[in-house]
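*Asks:* This is the structure, below, for whatever I ask next.
The values are calculated or read from the model by the stated rules, or taken from the named source; none is laboratory data. Treat the numbers as computed from the prediction; the structure is a model and nothing was measured. With ideal geometry, Cβ positions are generated from the backbone for all residues, glycine too; neighbour counts draw on all protein chains shown. SASA here: full protein model, heavy atoms, side chains in, ligands and nucleic acids out. Shrake-Rupley method; radii C 1.70, N 1.55, O 1.52, S 1.80 Å.
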Protein chains: 2
Amino acid sequence: MSSAQPDTRLRILKASLELLEAGQGQGVRMADVAKRAGVSRQAVYLHFESRAELLIQTTLYLDDIAGSQERLIPSREATTGVARLDAFIEAWTAYLPIIYPSARALLAMRETDEDAAHAWDQRMRDMREGCEAAVTALQRDGQLNPAHDPQEATDLLWMLLSVRNWEQLTRISGWSQEAYAAKIRSSAHQLLVMPKASK
Amino acid sequence: MSSAQPDTRLRILKASLELLEAGQGQGVRMADVAKRAGVSRQAVYLHFESRAELLIQTTLYLDDIAGSQERLIPSREATTGVARLDAFIEAWTAYLPIIYPSARALLAMRETDEDAAHAWDQRMRDMREGCEAAVTALQRDGQLNPAHDPQEATDLLWMLLSVRNWEQLTRISGWSQEAYAAKIRSSAHQLLVMPKASK
DNA sequence: AGTGTCAATTGACACGGCGACAAGTGGTGA
DNA sequence: TCACCACTTGTCGCCGTGTCAATTGACACT
């Protein structure tokens, strides 16, 4: 936090992120990132040991500037199980389009690179914890659909909220982000919330 | 159907399929396929113009020997909408583990190769037609959950049955194939079939 | 025998992208 | 003045895909 060039590492991360967003996570090479950061290709390797590492750090950087943590506050503060579920779904589905480009790149890398695989899996495990917390809150309220035990319910919710499903519904089936969010929420309710006996 | 060497093209396809299965769709190179087929690397290019083309043809070959068409007969013959839905889900979920290795390889290729992307998308469009037929049959019977219009219901079912979801639930969440099939079927019912007013 | 054809082989090569290495260069502070 | 630091320049190796040209060996026709 001192040099005229505001921290090369940060410039590289920014460049990486911008390119990922521009290409929707596709076709971003080390040389492209370097060029955009106004730095030599080798300088990138001075800061990141490999392409996998750069992608991992880029997603962490994005989490940081996009406030991944703050987004979860309403969910944690929800009082009822259903409110917690809804708040979590709301936060995650709104976050999905933001992380999609870098998630896609990391997912592609995951196929061949062990570090990338590990980083992605960790990320998804963290996200699963949010699912689990929501399911637990539902159960505490006696609102969990008895068709599923908590483990299975968590996995189903986790699946429902996956990046790949967002990709399929919005990019292939052509759903708007709003339609996606609404339908996923109502589907989660149908699957997980105890059907009302009567009213 | 005559030479001592039973058709080189076929030997290559078999080799490709075996390697894909052995590696769960990962790390299969042209040279590996050639070696396993007992043929030079160049011979592979004599029969398939590119790696993408080889993968595409391998999945078609697999469809052929695994009877992808026959599997759909029970679904087409079902009388009620719910029976049709169940038969389709049963056929597809049982087919998924079979095609997974080649599907995975093709999905990876899809990211970078236009031909592979087109072939995969076509495959998935075909599968979607099965979903659509089941939803239409449900609707005809007045059994479609009014929470969804037929389009949306089809897309939801399509999403539910995706290769990626099978991969996540069985390979990551660790569900058995049986648990997967049962849960997906019951989830499809919860989502798509009209809730009984009473009984 | 002689000729043509066809499938396949051999070996070499170009290319793109990642990653490593070595020898500079230029600015800063002790 | 010297040393250090971040960075540059240029070069190189590796890998996997895809191409090309020359050759071989089997068969078929005449």
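*Asks:* Calculate, for the range B:49-110, the solvent-accessible area per residue in square angstrom, rolling a 1.4 angstrom probe over the heavy atoms of the protein chains. It would help to have the intermediate numbers written out before the result.
*Replies:* On the way: 2540 Å² over 62 residues.
Here the residues of the range B:49-110 average 41 Å² of exposed surface.
*Asks:* Considering amide H positions built from the backbone, and no H for Pro or chain starts, which residues 5 or more places from B:VAL193, or on another chain, come under 5 Å of its amide H?
*Replies:* B:ASN145
*Asks:* For labels at A:ASP32 and B:ALA83 in the simple 7 Å Cα→Cβ model, what's the distance in nm?
*Replies:* Taking the simple label geometry, A:ASP32 and B:ALA83 are separated by 5.3 nm.
*Asks:* Taking the 0 to 90 degree range and rounding to the nearest ten, how far is the long axis of helix A:114-140 tilted relative to the main principal axis of chain A, both from C-alpha atoms?
*Replies:* Roughly 20 degrees, rounded to the nearest 10.
*Asks:* A further question on this structure: Can you give the alpha-carbon Rg of the range B:100-148 over 2.2 N^0.38 Å, where N counts its residues? Numbers along the way, then the final one.
*Replies:* On the way: Rg = 15.4 Å, N = 49, 2.2 N^0.38 = 9.7 Å.
The value comes to 1.60.
*Asks:* If you add up the charges near A:GLN177, with Lys and Arg at +1 and Asp and Glu at -1, over every other residue whose beta carbon is less than 13 angstrom from its beta carbon, what do you get? Before the final figure, lay out each step's value.
*Replies:* Numbers: positive: A:ARG171, A:LYS183, A:ARG185; negative: A:GLU90, A:GLU167, A:GLU178.
Counting the neighbours of A:GLN177, the net charge comes to 0.
*Asks:* On to the next question. Angle check, please: helix B:150-160 long axis (alpha carbons) against the longest principal axis of chain B (alpha carbons), in degrees 0 to 90, nearest 10.
*Replies:* 50 degrees
*Asks:* Another one. Give me the percent relative contact order of chain A, please, defined on Cα pairs under 8 angstrom at least 6 residues apart.
*Replies:* Details: 197 pairs, mean separation 38.7, N = 199.
Over chain A, the number comes to 19 percent.
*Asks:* Could you let me know the centre-to-centre spacing of the range B:129-188 and the range A:30-76, using Cα atoms, in angstrom?
*Replies:* 36 Å
*Asks:* Using a 1.4 Å probe over the heavy atoms of the protein chains, calculate the carbon and sulfur portion of the accessible area of the range A:8-48 as a whole percent. List each step's numbers first, then the result.
*Replies:* Working: 1120 of 2190 Å².
Exposed carbon and sulfur together represent 51 percent of the surface.
*Asks:* Mind checking the range A:24-79 for GluC sites (Glu not before Pro) that DSSP puts in a loop (not H, G, I, E or B) and that have at most 11 other Cβ atoms within 10 Å? Before the final figure, lay out each step's value.
*Replies:* Working: sites: A:GLU49, A:GLU53, A:GLU70, A:GLU77; in loops: A:GLU49.
Those satisfying the criteria are A:GLU49.
*Asks:* Same structure, new question: To the nearest 20 debye, what is the magnitude of the charge dipole of the protein assembly as shown about its Cα centre, counting +1 on the Cβ of each Lys and Arg and -1 on the Cβ of each Asp and Glu? Provide the component values of the computation, followed by the final result.
*Replies:* Details: 46 positive and 52 negative charges, 6 e Å.
With only Lys, Arg, Asp and Glu charged at Cβ, the dipole is about 40 debye.
*Asks:* Enter the buried accessible area of the A/B pair, total of both sides, probe 1.4 Å, in Å² rounded to the nearest 100. Provide the component values of the computation, followed by the final result.
*Replies:* On the way: alone 10970 and 11010 Å², together 19380 Å².
Its buried surface, counting both partners, is about 2600 Å².
*Asks:* Something else now. Viscosity 1.002 mPa s, temperature 20 °C: give me the Stokes-Einstein translational D for the range B:19-103 in µm²/s, with Rh taken as the Kirkwood radius over C-alpha pairs. Before the final figure, lay out the partial values.
*Replies:* Working: Rh = 14.7 Å.
The Stokes-Einstein estimate is 146 µm²/s.
*Asks:* Let me ask something additional. To the nearest 10 degrees, how steep is helix B:81-110 against the longest Cα principal axis of chain B, on a 0 to 90 scale?
*Replies:* Orientation of helix B:81-110: about 30 degrees from the principal axis.
*Asks:* If you don't mind, another one. Expressed as a whole percentage, what fraction of the accessible surface of the range B:147-199 belongs to carbon and sulfur atoms when a 1.4 Å probe is rolled over the protein heavy atoms?
*Replies:* Values: 1220 of 2250 Å².
Looking at the range B:147-199 in its full context, I get 54 percent from C and S.
*Asks:* Could I ask something else about it? Of the lysine pairs in the protein assembly as shown, how many meet both conditions: Cα atoms under 18 Å apart, and a spacing of 8 or more in sequence or different chains?
*Replies:* Details: A:LYS14/A:LYS35; A:LYS196/B:LYS196; A:LYS196/B:LYS199; A:LYS199/B:LYS196; A:LYS199/B:LYS199; B:LYS14/B:LYS35.
Taking the Cα cut-off of 18 Å, the pair count is 6.
*Asks:* Follow-up question, since we're still on this one. If you put +1 on each Lys and Arg Cβ and -1 on each Asp and Glu Cβ, how big is the dipole of the range B:113-199 around its Cα centre, in Debye rounded to 20? Can you show the working numbers first?
*Replies:* Numbers: 10 positive and 13 negative charges, 134 e Å.
Taking the Cα centre of the range B:113-199 as origin, the dipole is about 640 debye.
*Asks:* What are the principal axis extents of the Cα atoms in the protein assembly as shown, in Å, biggest first?
*Replies:* The Cα atoms of the protein assembly as shown stretch 77, 66, 31 Å along their principal axes.
*Asks:* For the ranges A:149-157, A:137-145, what's the packing order if you count other beta-carbon atoms within 10 Å of each residue, average per peptide, and put the highest first? Don't jump to the answer; show the numbers that get you there.
*Replies:* Working: A:149-157: 19.7, A:137-145: 17.0.
Put in order of decreasing packing, that is A:149-157, A:137-145.
*Asks:* Over all directions, what mean area does the Cα convex hull of the range A:80-128 project, stated in square nanometres?
*Replies:* Quarter of the Cα hull surface area: 3.5 nm².
*Asks:* Still on this structure, please answer the following. Provide Rg over Rh for the range A:61-162; use the alpha carbon set for both Rg and the Kirkwood Rh (inverse mean inverse pair distance). Intermediate values should be presented prior to the final figure.
*Replies:* Working: Rg = 14.6 Å, Rh = 14.4 Å.
Ratio of gyration radius to Kirkwood radius for the range A:61-162: 1.01.
*Asks:* Calculate the FRET efficiency for B:ASP7 and A:ASP7 from the Cβ-Cβ distance with a Förster distance of 51 Å, rounded to the nearest 0.05.
*Replies:* Working: r = 61 Å, r/R0 = 1.21.
Approximately 0.25, to the nearest 0.05.
*Asks:* Does chain A come out rounded, prolate or oblate, given a ≥ b ≥ c as the square roots of the eigenvalues of its C-alpha gyration tensor, rounded meaning a/c under 1.5 and, failing that, prolate meaning a/b above b/c?
*Replies:* Numbers: a/c = 2.55, a/b = 2.29, b/c = 1.12.
Here chain A falls in the prolate category.
*Asks:* Where the Cα atoms of the range B:8-48 are projected onto their three principal axes, how long is each span, largest first, in whole Å?
*Replies:* 26, 16, 16
*Asks:* If Lys and Arg each add +1 and Asp and Glu each add -1, what is the summed charge of the other residues whose beta carbon sits under 11 Å from the beta carbon of A:LEU60?
*Replies:* -2
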